[in-house]
Amino acid sequence: MEDQLRDIAVKLFKDGSVDLIIGYEAGTLPLRAAPCVIKSAEEADRLVWNMNCGSNLATYLLPVAEANPEKKLGILAKGCDSRSIVGLIKERQIERERIFVIGVSCSGILDRRKLDNALNGAEILEAQFNGDKLTLKCENVETRHAVSVHVADYIHSSCSTCQHKTPVLHDILIGEPDVEADVNVYEHVEALESQSADERWEYFVSEMSKCIRCYACRGACPFCYCNECFVDQNQPQWFGKTNELSDTMIFHLVRAFHVAGRCVNCGACARACPMGVDLMSLTKKIEKDMNELYGYIAGMDIEELAPFTTFEEDDPQEFIVEPD
Amino acid sequence: MEEKIIDKSEIGPLLSKLKESYQVIAPVRRDGDISFERIDSADEVVLEFSNTKKVPKSVFFPQEEVMFVYSRSESGTEIKEPPLEQAASLLFGVRPCDARSFSLLDMVFDSEDYKDIYYIRRREGAKVIGLACTSPRQTCFCTTVGGGPFNHDGMDLLLVDLGGKYLAEPVTDYGEELTEDFPAAADADKQKRDQMRENAEKCMKPIVADLDDLKNKLDTGFESDFWDELHTKCIGCATCTYLCPTCHCFDIYEEEEDNNSGYRLRLWDSCSLPLFTLHTSGHNPRPSTKERVRQRIMHKFNYFVTNFNEFGCVGCGRCVQNCPVNLDIRDVISKIAVSS
C-alpha cells in the first residue's frame, strides 16, 4: 500500500492535481509516524502508511491551507480523517474543490500506551510488523529482550469500535473497502452508564486529575479550530487554568460539548495526551447520545445538515427543564 | 572526597533517617508512570526506572503557586504571602539531567539581577541525591548539551548502581557527611563504575558536532528559511514545555473569591500556546506555530547561551518521547546546525 501511495503521489504532482500533500513520514522512534507536508514528486518517497499513523491529518488542513493560499491540497485520509474533512467542508472551513483526498482503507492504529504498559516501562528499540504479529526488541534497566505480541490486542479503542474504516470521502482509494466489524460499539459507554453517578464521578475525577493542561487534546483535534478557544478568553477570564480538579474538569467537559455532533471519535486526542487521560469515554458517550437523540452520525455526508444548525418540531425536548 | 559503598539494604533505613529532617521526594509509581512525589515510607520508592515522565523541577517551581492573598475591610486592605509550612526538600534518585536542570533554573531565578522569592524559599536548604544513568534511553542526549550520565552538577551526592550496592560519590560537604559511616569503595568497585560510565557515555552519539556553530547560526538565523518547514507538524500544545525540566515561563492570574478577597497566583505558561505573547491590543507577534517553535528553540539554544553561557536544555529526551506528533528537537537542532 505504501508503494501504491507513493506512486499516486508522484502522479498527482505530475498531472497538476495537487501542489502539496499532507501525509505521514517515518518517525524518529520505533512505532512512530509523523505528519508531514510534501511539496514535490521528488519527496514522495518520504510518505509512509502504517499502523503508527495515529494523528488526524484533517487537523492540518486549515493551517496548511492558510499558509499556502491558492494551492491545491492533497491529503491522505483514513476513515476518521475523511469524516473530519467532511465536517470541515460542512462547516465551511475549506472548499471541497480545493482538496484532493487520497483515501486509505485503515485496519486500525496501534495503542502505544497500552503496549508501553504491557511492557512495564521497557523501552522499545526496534519494532517489526509481521502479518498479525508485532516483534519488538526491548530494553529496560535490567534486560534486553525480544517480545512478540498480537497486533489485534493493541489496537486503539477508537479503532476497535470504528464502523467506518474506509474513507467516506475520497478522490482515489488505496486498499480494499473494509467490512464493518460486528461489535457493540457502545459496550464501554453502556458499562459506564450502568454505574451509579458516584461511581462515574469517581472515575472521571481520577482521569481528569492526570491532566497537566498542555492542550495536546485540543491541538490534535480537527474540530478545535476556533481562532480563540474559550479557555484562552481572558477579558474576562471565564475559565480557571489551574490543575485543580474543577478547572480541568470544566475544560474537558466544555471541550467535549463543543465538539458534540462534530467529533468523529478518531481518538487523536486520546493518543496525543501525554498523560493517558481517558478522553474517549466522554466523546463516545456524546456520539451515542447524538445518534440516539438525533439519529445523527458526524462526518458521513457533506449535504446532510448538522443537528445543532437545524430545528425540527419533533426534536427531543425532554432535557428542557421548566423553571420553578 | 572519598567514594563510599552503600548496600541496597541500607537505602530504606537511610531514607527513613532523612525523613526525620527533610520532606523526602523520590520516584514512586503513580497511574502507571513513575513520578517524583513526597514519600511517606521508603517502601514506595522505585529506583529501577529510566526517568520520570513529569519533571522534579516542580518541587521548586510548582505548576501553580499562590503568590499572595488579599482581603479588604473597612480598616484597609491586607495582603499576605501564604507561608511555606514544610521542611526543606531532599530529592532522592534524581537523574543527572534533571539535577543539572536545577543549576540552570538557579541561574534564572536566583541571580544578582533577579531573586525569585517563591523559587528561592523552596530551593533554599534543599538537598539532591542523584542516581547515575547506567542505561540511557535512545532519546537521551545529555552529552550533546554539556551534561553526562554520571555528572554531578546540581547534586550533593551521586549514587551509581553497581548491582546489589551503590557506589556513592559525595559532591558537597553534605554528601560527604551523609556517607561518612559507610565503607570506602574498593578499587574494583571504582573500576566497575568507570566501565559503566564509559558504556553509558558511548550509548549517546552527539546530535550536533559543533555547538558554538549552532549558537552562531541562530544568532543570524532569526529570519532564516529553515523555520518555514520545521514547525509544520507542531500542533501548538504545551507537552514539550510542561514536561521540560528547564522551561520556566509562567503567567500571573487573579482569582476573586468575593468582592473583598481573592488571591494572585502564577501558573506555568508555554511559548507554544496562543496566549503567551498576546498583547492587550489584540496583536500577537507570534501568531503561528512557526514563531512559537522558533521561540522555544531560540530560547534554549541561543538566548539562554547569551545570558548564562549554557544551553537551556539538559538533553533528557522527554519532549522527544512525548511530543504527540514526533517533532523531535534533536532533528530540529541538527537540521539547523547543517543548514547553510
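Rule-based calculations on the coordinates, nothing more; no lab input. All values derive from a computational prediction rather than experimental measurement. Neighbour counts run over all protein chains shown; Cβ positions are idealised from the backbone, glycine included.
Things worth noting here:
- Region B:234-268-region A:163-178 distance, computed between alpha-carbon centres (Å): 43
- The Stokes-Einstein estimate for region B:108-244, based on a Kirkwood radius over Cα pairs and taken at 37 °C with 0.692 mPa s viscosity, is a diffusion coefficient of 176 µm²/s.
- When the protein assembly as shown is described by a simple charge dipole with +1 on each Lys and Arg Cβ and -1 on each Asp and Glu Cβ, the residue from A:V151, B:S135, A:Y225 located farthest towards its positive end is B:S135.
- Counted over the protein assembly as shown, the DSSP beta bridges are approximately 75% antiparallel.
- Net charge in the neighbourhood of A:L305 (other residues with Cβ under 12 Å of its Cβ; Lys, Arg +1, Asp, Glu -1) is -4.
- Remark: relative contact order (chain A) = 16 percent; criterion is Cα-Cα distance under 8 angstrom and separation of 6 or more residues.
- 29 Å Cα-Cα reach of A:K39 towards lysines, excluding residues that sit fewer than 8 places from it in its own chain: A:K11, A:K14, A:K71, A:K72, A:K78, A:K90, A:K165, B:K217, B:K233, B:K290, B:K335
- Calculated [θ] (222 nm, deg cm²/dmol) that DSSP helices of n ≥ 4 give over the protein assembly as shown, each run adding -39,500 (n - 2.57): -8500 deg cm²/dmol
- Restricting the calculation to Cα atoms, chain B yields a radius of gyration followed by a Dmax of 21.7, 74 Å.
- Cβ charges +1 (Lys, Arg) and -1 (Asp, Glu), total dipole of the protein assembly as shown, debye: 1800
- Think of each Lys and Arg Cβ as +1 and each Asp and Glu Cβ as -1; about the Cα centre, that makes the dipole of region B:4-202 roughly 620 debye.
- Taking B:L327, B:L267, B:L278 in turn, the Gaussian network model of chain B (Cα-Cα springs below 10 Å) assigns the largest fluctuation to B:L278.
- The tail of the calculated P(r) for the protein assembly as shown beyond 41 Å holds 32 percent of all Cα-Cα pairs.
- A cut-off under 15 angstrom between Cβ atoms defines the neighbours of A:K165, and their net charge, with Lys, Arg +1 and Asp, Glu -1, is -3.
- Gap separating the Cα centres of region A:240-308 and region A:69-129, nearest whole Å: 17
- When Rg and the Kirkwood Rh are both derived from Cα coordinates, the Rg/Rh ratio for region B:214-338 amounts to 1.03.
- Counting all C-alpha pairs of region B:4-202, share separated by more than 26 Å (%): 37
- Whole-Hz Karplus values for region B:281-292 come out as 5, x, 6, 10, x, 10, x, 9, 4, 4, 5, 6 Hz, taken residue by residue from phi with 6.51 cos²θ - 1.76 cosθ + 1.60 and θ = phi - 60°; glycine and proline positions read x.
- The alpha carbon centroids of region B:45-68 and region A:28-50 are separated by 35 Å.
- P(r) tail fraction, chain A - alpha-carbon pairs more than 38 Å apart, %: 17
- Cβ-defined net charge surrounding A:E287, 12 Å radius [Lys, Arg +1; Asp, Glu -1]: +3
- Loop-located GluC sites (Glu not before Pro) in region A:31-92, at most 10 other Cβ atoms within 10 Å (DSSP): A:E70
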